[in-house]
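Worksheet: one structure, shown below.
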Amino acid sequence: MSFRTLDALDPRGKRILLRADLNLPVKDGRITDMTRIERLAPTIRELAEKGGRVIICSHFDRPKGKRVPEMSLKPMQAALATTLGREVAFVDDCIGAEAEAAAQALTDGGVLLLENTRYHAGEEKNDPALAAGLAKLADAYVNDAFSAAHRAHASTEGVAKLIPAYAGRLMQAELEALDAALGNPQRPVLAIVGGAKVSTKLDLLGNLSKKVDVLVIGGAMANTFLAAQGHGVGKSLQEAEMHDTARAILEQAKAGGCEIMLPLDLVVAEGFAAHSPNRVVGLDDVPAGMMALDVGPATVAAVKAKLATARTLVWNGPFGAFELAPFDAATVAVAQEAARLTEAGTLRSVGGGGDTVSALRHAGVAERMSYVSAAGGAFLEWLEGKTLPGVAALETR
């Protein structure tokens, strides 16, 4: 994939429309997690310090084309200003005369925040008129919102076709990390996929089984595979209707030369609760009244051994109910080993997806991996091998 980065853009004196993801968690009017602003800041600073006139647009929540006061981007203005250490102006719309006047009033190094793009119904419909209205504000477009790149919206795809388009530093880092993980990886490649249901990760498992050398399946979805092979899983969460599909995935992987690793042992408990009485059992020893909430030490040891021979790791989903102690043990142990190997320089580790980010943070290794994507749905669709419209719009043609 070839795309233009900020290295190809001289922003001085130019109005730059920057697509950000400011869909931050807000409670009682206060931002509870500043991560996305902090990760966006380097791109804004670079453009502004080089004399660009930065116009930030973003969606926030799901107002569905209506002006919902509690879904305004106005609270982000002060947070951006504090993080950037410079003034940030705000305008009450993202297109139209008022937005155009505010954009024209910017001077070199100035920063302007536009109101929620989803206040316009045309945003999610990729309406050409809205895209044109956004393009009218700027001389160039920079997309730094990989997390919204799986949506073909006016601010992510439509406008990128109307004015010169570039990837911001956050987008660039994401795309380079993903390319190193699956596009042109160092082999062997090991993927860890967890989660509750096989049915929600069919495309993911199908794509990865063609791309990686070893596929480790954990989480409750592993129970479905074990049950499909005839193991009793007690009252563990599993999808009986997906047994044929699970067997087909195993056959497809075998035919393609991909080794599938399923749990060798399980940690079972009577109830889904922290510190519920538990014990380690073999695959054919799960009591009828108990459920698997984590994989056991033999599985952890086997995964660590495979990691030692891998050069690239792609991780999506925890091994167990990591939010409940002690059923976080396997996820934490494997995560810490992956971080150790990453720091030793023998492993490139890329993780992503909501639960994965939380699990890696819980294990204390999120900053020690090669790259952790906070992009959620976009990261998952990329793992599934799908074309992301917001990325495709940046490709040099």
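Computed from the C-beta positions of Gln104 and Glu384, the FRET efficiency with R₀ = 41 Å rounds to 0.45. In this structure, Gln252 and Asp28 have a Cβ-Cβ separation that, at R0 = 56 Å, corresponds to a calculated FRET efficiency of about 0.70. With θ taken as phi - 60° and the Karplus curve 6.51 cos²θ - 1.76 cosθ + 1.60 applied, the whole-hertz 3J(HN,Hα) list for region 249-262 is 5, 4, 5, 4, 5, 4, 5, x, x, 9, 7, 9, 10, 10 Hz, x standing for glycine and proline. Secondary structure note: in the chain, about 25% of the DSSP beta bridges are antiparallel. Note on surface exposure: Asp284, Asp179, Asp93, Asp265 rank Asp284, Asp179, Asp93, Asp265 by accessible area, highest first, 1.4 Å probe. The local environment of Phe322, defined by Cβ-Cβ distances under 9 Å, has a net charge of -4 under the rule Lys, Arg +1 and Asp, Glu -1.
Full extension of the segment from Glu395 to Arg67, taken as 0.36 nm per residue of separation minus the current Cα-Cα distance, would add 114.7 nm. The GluC sites (Glu not before Pro) of region 55-130 that meet both conditions, a loop assignment by DSSP and at most 14 other Cβ atoms within 10 Å of the site Cβ, are Glu87. Multiplying the residue separation of Ala288 and Ala132 by 0.36 nm and removing their Cα-Cα distance gives an extension gain of 50.0 nm. Neighbours of Pro128 by Cβ distance under 14 Å: Lys/Arg scored +1, Asp/Glu scored -1, total -1. Using just its DSSP H runs of length 4 or more, each adding -39500 (n - 2.57), the chain gives a mean residue ellipticity at 222 nm of -10000 deg cm²/dmol after division by all residues. Placing R0 at 45 angstrom, the Cβ-Cβ distance between Ala78 and Arg187 gives a FRET efficiency of 0.40 after rounding to 0.05. Put simply, the amide H of Gly376, placed in the peptide plane, has neighbours under 5 Å in Gly353, Gly354, leaving out anything fewer than 5 places away on its chain. Pairs with C-alpha atoms separated by more than 23 Å, drawn from the list Lys211/Lys306; Lys14/Lys125; Lys161/Lys211; Lys14/Lys136, are Lys14/Lys125; Lys161/Lys211. For region 281-296, 3J(HN,Hα) computed residue by residue from phi via the Karplus equation (6.51, -1.76, 1.60; θ = phi - 60°) reads 9, x, 5, 9, 10, 6, x, 4, x, 10, 10, 7, 10, 6, 8, x Hz, glycine and proline entered as x. Full extension of the chain between Arg311 and Asp244 yields a length gain of 20.9 nm, computed as 0.36 nm times the residue separation minus the alpha carbon distance.
Could you work out how far the C-alpha centroid of region 181-249 sits from that of region 284-351, in angstrom? Between the Cα centres of region 181-249 and region 284-351 lies a distance of 14 Å. Taking amide H as placed 1.01 Å from N in the peptide plane, Gly195 has its amide H under 5 Å from the amide H of Gly219, Ala220, Met221, each at least 5 places away in sequence or on another chain. In the context of the full set of protein chains, the chain has a per residue accessible area of 41 Å² (1.4 Å probe).
The values are calculated or read from the model by the stated rules, or taken from the named source; none is laboratory data. Small disclaimer: the values here were computed from a predicted structure and weren't measured. Cβ atoms come from the backbone with ideal geometry, glycine included; neighbour counts cover every protein chain shown. Ligands, DNA and RNA are excluded from the accessible area calculation, which covers all protein heavy atoms including side chains. Shrake-Rupley method; radii C 1.70, N 1.55, O 1.52, S 1.80 Å.
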